[in-house]
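Peer 1: Attaching a single structure in structure tokens format; questions to follow.
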Amino acid sequence: MGDQSATTSGYRKATLRIIPFLFVCYFFAFLDRVNVGFAKLHMLSDLQLSEAVYGLGAGIFFIGYFIFEVPSNLILHRVGARLWIARIMVTWGIISAAMAFITTPTMFYVLRFLLGVAEAGFFPGIILYLTYWYPAERRGRIISMFMAAIPVSGLIGSPISGLILDLSHGTHGLAGWQWLFVIEALPSCILGVVLYFFLTDRPSQARWLTAPEIERIEADLAAEATQHDAHSVKAALTDWRVWLLSFVYFGIQMGVYGIGFWLPTIVKSSGFKSDTMVGLVTAIPYLAATIFMVIMGRSADATGKRRLHVVLPALLGMIGLIGSGIFASNVYIAVTCLTLATMGCITALALFWSLPSAFLGGFAAAGGIAMINSVGNLAGFLSPYMVGLIKDATHSTNLALYVIAAAVCCAAILATRVPRIVDR
């Protein structure tokens, strides 16, 4: 009874201390990554940039992200999350603020690339960090709680971004989109400094846990470690399951970033003129996604059917994307379909991360998780660039939505081929 009490109280304390703080950090990370979608509403006309230039600039972030992600995660595993994630946050905050001063396509490309380099390792680093604290049977719900920052960043960040564009334009000679980059970058720098003093690398270092609580958490993690069948970076990078999961993640991310970078544009083209109104309408899909993600995360942990809880949301995302293209001329149906697409894609994204962590541990987890995330995030390059090219060529995003839907559908099919080991 005492052991059970120590286990429950230990995880409860860890969750209350770690998850809300990491949630806030990821909120601003994702906001700084995709706020270019709101800046685009005026930045393109101010700088005379084409839709294709925007798509390439939005996507080139992920080239820098891809190149530096695996090395970044391996460094984190060696030096600790506290130091490395703090460095990541301060660096990307500075570069994100510098986006306010771009004047040419080249500057746009360079700063977006550097932003990707700066942020590389943050998300997979957090996923790896959570494996130091929670065994697999608890991670579905925990990761969903953390990744709820994605839809919440859209839910809260969209109206805020719209307000900044409307209210700050012309202040001290800067356009609204310039203020958007500066204002939304500052919290990342501040949080990076706070994180260094607040985060604890491992349970054994947590002064806020009792000795029995530490022992129970570490005993759970040690028991799980004996079930991991990949113990080196090389083993993980040559494991066919890691590559299968990389392609699953790629398809899901096609949907997430297709929606994230273009949703404000799609909403505005539906007839909403005010940037504030665009922000409020854009928040609707993210509100629904937040609720759906938490419900599905709890269900995945309760049933242990992790693959199914990735496949079903992905199929919902596919249906929503197709519907938003078919009914693009009807604003109410289009927003409803975009809401379904956002719910499905973002929930599939969150619950996906309970799959690789079910069989990877140690350096294998560091390398394998980073590899999956870096390959999958190449969709962040392809998706917005493809949408921009198609929009320039056809003056519509409908065809692009169908292509993205096909990618999400492929991800759902591939997810059914993931070995049953992840469902235990």
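The values are calculated or read from the model by the stated rules, or taken from the named source; none is laboratory data. Bear in mind that the values here come from a model prediction, so they are computed numbers and not experimental data. Quick reminder, even Gly has a Cβ in these numbers, built from the backbone with ideal geometry, and neighbours come from all protein chains shown.
Peer 1: Of the conditions (1) within 16 Å of the chain's Cα centre (by Cα); (2) at pLDDT below 85; (3) over 13 Å from PHE123 (Cα atoms), ILE19 satisfies every one except a single condition; which number is it?
Peer 2: Just one mismatch for ILE19, condition (2).
Peer 1: For the range 81-115, which residues satisfy the criterion of being polar (S, T, N, Q) and closer than 21 Å to PRO187 by Cα?
Peer 2: Of everything in the range 81-115, those that are polar (S, T, N, Q) and closer than 21 Å to PRO187 by Cα turn out to be THR91, SER96.
Peer 1: Then there is this: How many residues does the range 92-140 contain that are in contact with an Asp or Glu (Cβ under 8 Å, 6 or more places away or on another chain) and of a type in the set (S, T, N, Q)?
Peer 2: Count: 1.
Peer 1: Evaluate the following for ALA393: is it surrounded by fewer than 18 Cβ atoms within 10 Å (Cβ to Cβ), aliphatic (A, V, I, L, M), out of contact with any Gly (no Cβ under 6 Å at 6 or more places or on another chain) and at pLDDT 80 or above?
Peer 2: Working: surrounded by fewer than 18 Cβ atoms within 10 Å (Cβ to Cβ): yes; aliphatic (A, V, I, L, M): yes; out of contact with any Gly (no Cβ under 6 Å at 6 or more places or on another chain): yes; at pLDDT 80 or above: yes.
Spelling it out, ALA393 is indeed surrounded by fewer than 18 Cβ atoms within 10 Å (Cβ to Cβ), aliphatic (A, V, I, L, M), out of contact with any Gly (no Cβ under 6 Å at 6 or more places or on another chain) and at pLDDT 80 or above.
Peer 1: Can I ask one more? Output the residue which, of all residues in the range 373-397 that are out of contact with any Leu (no Cβ under 6 Å at 6 or more places or on another chain) and β-branched (Val, Ile, Thr), is farthest from SER269 (Cα to Cα).
Peer 2: Checking each candidate, the answer is VAL375.
Peer 1: Need the failing condition index for VAL422 against (1) modelled with pLDDT of 80 or more; (2) not polar (S, T, N, Q); (3) not in a loop (DSSP other than H, G, I, E, B), just the number.
Peer 2: (1)
Peer 1: LEU209 fails exactly one of the following numbered conditions: (1) part of a loop (DSSP other than H, G, I, E, B); (2) of a type in the set (A, V, I, L, M); (3) without any contact (Cβ under 8 Å) to a residue 40 or more places away in the chain. What is the number of that condition?
Peer 2: (3)
Peer 1: Okay, next question. In the set ALA148, ALA136, which member is under 15 Å from the mean Cα position of the chain (by Cα), closer than 21 Å to ILE372 by Cα and either among the hydrophobic types (A, V, I, L, M, F, W, C) or buried (at least 18 other Cβ atoms within 10 Å of the Cβ) (or both)?
Peer 2: Matching residue, one of ALA148, ALA136: ALA148.
Peer 1: Also, quick follow-up: Which of the helices (runs of 4 or more DSSP H) contained wholly in the range 71-168 include at least 2 residues that are modelled with pLDDT of 90 or more and out of contact with any Gly (no Cβ under 7 Å at 6 or more places or on another chain)?
Peer 2: On the way: elements: 81-98, 105-119, 122-131, 136-147, 149-168.
Helices (runs of 4 or more DSSP H) meeting the threshold: 81-98, 105-119.
Peer 1: Also, I was wondering about something else. Among the residues of the range 159-168, what is the count of those that are of a type outside the set (D, E, K, R) and either within 16 Å of SER96 (Cα to Cα) or touching an Asp or Glu at 6+ places or on another chain (Cβ under 9 Å) (or both)?
Peer 2: 6
Peer 1: Inspect all residues belonging to the range 273-291 and state whether any of them is of a type outside the set (S, T, N, Q), touching a residue at least 12 places away in the same chain (Cβ under 8 Å), out of contact with any Leu (no Cβ under 8 Å at 6 or more places or on another chain) and more than 27 Å from LEU163 (Cβ to Cβ).
Peer 2: The answer is no; no qualifying residue exists.
Peer 1: A further question follows. Pick from LEU165, LEU186: which is in contact with a His (Cβ under 8 Å, 6 or more places away or on another chain) and over 30 Å from HIS309 (Cα atoms)?
Peer 2: Among LEU165, LEU186, only LEU165 is in contact with a His (Cβ under 8 Å, 6 or more places away or on another chain) and over 30 Å from HIS309 (Cα atoms).
Let's see how each residue does on (1) more than 24 Å from the chain's Cα centre (by Cα); (2) outside any helix (DSSP H, G or I); (3) modelled with pLDDT of 80 or more:
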position	(1), (2), (3)
ALA236	no, no, no
PHE261	no, no, no
PRO285	no, no, yes
ALA288	no, no, yes
GLY297	no, no, yes
ASP301	no, no, no
LYS305	no, yes, yes
LEU316	no, no, yes
GLY320	no, no, yes
